[in-house]
Structure formats: structure tokens, C-alpha cells
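We did not get these values from a lab; they are worked out from the coordinates using the rules stated. Bear in mind that the values here come from a model prediction, so they are computed numbers and not experimental data. Neighbour counts run over all protein chains shown; Cβ positions are idealised from the backbone, glycine included.
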Amino acid sequence: MQIERCTKVTKCDFIGCNNLADYSFSTKGLIKRELAFCEDCLKGMYQEIAKLQVPKGTNSHFKLRPKIKKETK
Ligand SMILES: [Zn+2]
């Protein structure tokens, strides 16, 4: 799977979006046809993916506990 610069002039596949596609998502036959989408929709998708793929460790309880102890002293 890879995301490529869209070479053909196609409309963005996202419903309600009237932009021309900037990128295409190539799956080499894994989905029926390549998904074409514009820059805005790419950003939208990225934000949704980022919600699912939150890097672990930033909100670690192990890191927070010593701080809380110091503040309560
Ligand atoms: Zn779009």
C-alpha cells in the first residue's frame, strides 16, 4: 500500500468534497479501485488516524506520580 501523487485529473472521492484529487491511495488490487483524495481530506484522515494511534508514554502514570508527591509536600 502506498500513497502517491495523483497524476490523473480526478475529483476527490470524499462525499461532499468538490476539490480535485492531489493524492491517490494505491493498494495494488486490495480494494476495488484506487482511492483519490485532496490535500484537505488527507489532513482530515491523518487527524482521525492520529486519534487512534496516540503515542504511548506521554500520559504515563509512572511519570506523573513522582511529580504529584513533590507538589503535596
Ligand atoms: Zn477532498
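Could you line up CYS17, CYS38 from fewest to most neighbouring Cβ atoms inside 10 Å?
Listing CYS17, CYS38 from fewest to most nearby Cβ atoms yields CYS17, CYS38.
For LYS8, put the label point 7 Å out on the Cα→Cβ axis and report which residues of segment 29-50 keep their amide N under 11 Å from it.
Backbone N within reach: 33-36.
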